[in-house]
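Trainee: Pasting a structure below so you can have a look.
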Amino acid sequence: MSIARARALIIVGVMLLFCLVFASWAIASTNVSRAEAECLAAAAPKELPQPTQVSVQIFNATDRDGLANTVKSQLAGRGFKVVSISTFQDGTPVTGVGLVRYGPTGIAAAQVVQSNIIGLTPVMDTRATADVDIVLGAQYSRLATTSEINTAAKRLAADPVTPMCSGTNSG
């Protein structure tokens with residue numbers, strides 16, 4: 001065997017080895033992506049609850065006296081179960097319209113709340129219940145109209161808020 005032929009065989013062998021390593025990596029990456037997709041699909045709400053099935057706690061993070069009580073009356077009028085109202089004393093700065101805080105079992109309930117108060121920033125925590133916290137910020141002005149609720153519900157159904165799955169966060 002000539003030196004040129006041996007060199008060619010070595011180069012072809014190294015290229016085959018590289019292709020095998022690359023193919024193995026690509027297959028492993030696909031499996032992780034598939035697992036993440038399955039996690040996200042399982043976590044996405046299949047059906048949104050009615051407001052009567054959603055329990056909320058309302059916190060006022062503004063200097064507007066009585067805001068939480070006003071929103072309580074309005075949400076109760078729409079059927080929400082308002083568990084409590086309070087002044088927000090977490091110390092976390094709240095900007096914009098406010099926050100909607102929920103646990104993994106409260107994703108669908110949080111979407112219903114987001115449909116009724118447009119502009120809330122979703123924040124997932126580790127609570128075990130489906131209860132939702134609404135933290136009203138300085139930019140809060142009103143509840144959504146029926147038309148806005150329908151539009152928001154369609155948008156959230158198309159791009160649901162889902163929990164973190166293997167380092168991926170959707171929503």
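Trainee: If neighbour count is taken as other Cβ atoms inside 10 Å, put ILE58, ILE85, ILE134 in order from fewest to most.
Mentor: Least crowded to most crowded, the residues run ILE85, ILE58, ILE134.
Trainee: Please list, ordered by chain and number, the residues whose modelled amide H lies under 5 Å from the amide H of LEU48; skip anything fewer than 5 residues away on the same chain.
Mentor: Correct list: empty.
Trainee: Rounded, prolate or oblate: which fits segment 40-160, taking a ≥ b ≥ c as square roots of the Cα gyration tensor eigenvalues, rounded meaning a/c under 1.5, else prolate when a/b beats b/c?
Mentor: prolate
Trainee: For ALA138, enumerate residues with amide H under 5 Å from its amide H, sequence gap 5+ or separate chain, H modeled in the peptide plane.
Mentor: GLY96
Trainee: Now, a different point. Using θ = phi - 60° and the Karplus curve 6.51 cos²θ - 1.76 cosθ + 1.60, what whole-Hz ³J(HN,Hα) does each residue of segment 87-95 get, with Gly and Pro shown as x?
Mentor: Whole-Hz 3J(HN,Hα) from phi for segment 87-95: 7, 6, 10, 5, x, 6, x, 10, 10.
Trainee: I want the local charge near ALA138. Using Cβ-Cβ distances under 10 Å, sum +1 for each Lys or Arg and -1 for each Asp or Glu among the other residues.
Mentor: Net local charge, ALA138 excluded: 0.
Trainee: State, as an integer percentage, the relative contact order of segment 51-158 based on alpha-carbon contacts under 8 Å between residues 6 or more apart. List each step's numbers first, then the result.
Mentor: On the way: 217 pairs, mean separation 35.1, N = 108.
Reported relative contact order: 32 percent.
Trainee: What ³J(HN,Hα) values, in whole Hz, does the Karplus curve 6.51 cos²θ - 1.76 cosθ + 1.60 give for segment 107-114 when θ = phi - 60°, with x put for Gly and Pro?
Mentor: Karplus-based 3J(HN,Hα) across segment 107-114 equals 4, 5, 4, 4, 5, 5, 5, 4 Hz.
Trainee: Go ahead and run the numbers for FRET between SER141 and GLN53, Cβ-Cβ distance against an R0 of 30 Å, rounding to 0.05. Before the final figure, lay out the partial values.
Mentor: Values: r = 26 Å, r/R0 = 0.88.
Efficiency computed from Cβ-Cβ geometry: 0.70.
Trainee: Round to a whole angstrom and tell me the spacing of the C-alpha centers of segment 96-125 and segment 54-88.
Mentor: 14
Trainee: Can you compute the modelled spin-label distance between ARG155 and ARG64, with each label point 7 Å from Cα toward Cβ, in nm?
Mentor: Rounded to a tenth, the inter-label distance reads 2.0 nm.
Trainee: Work out how much length THR129 to LEU9 would gain on full extension: take 0.36 nm times their residue separation and subtract the Cα-Cα distance, in nm to one decimal. Write down the numbers at each step before the final one.
Mentor: Working: separation 120, 0.36 × 120 = 43.20 nm, distance 6.35 nm.
Stretched fully, the THR129-LEU9 segment lengthens by 36.8 nm.
Trainee: Take TYR102, TYR140 and order them by how many other Cβ atoms sit within 10 Å, fewest up front.
Mentor: Ranking TYR102, TYR140 by Cβ neighbours within 10 Å, fewest first, gives TYR140, TYR102.
Trainee: If you rank LYS72, LYS81 by fewest surrounding Cβ atoms within 10 Å, what's the result?
Mentor: Ranked by crowding around the Cβ, least crowded first: LYS81, LYS72.
No value in this document is a laboratory result; all are computed from the given coordinates. All of these numbers come straight from a predicted model, not from anything done at the bench. For neighbour counting, all protein chains shown are included, and Cβ atoms are generated from backbone atoms with ideal geometry for every residue, glycine included.
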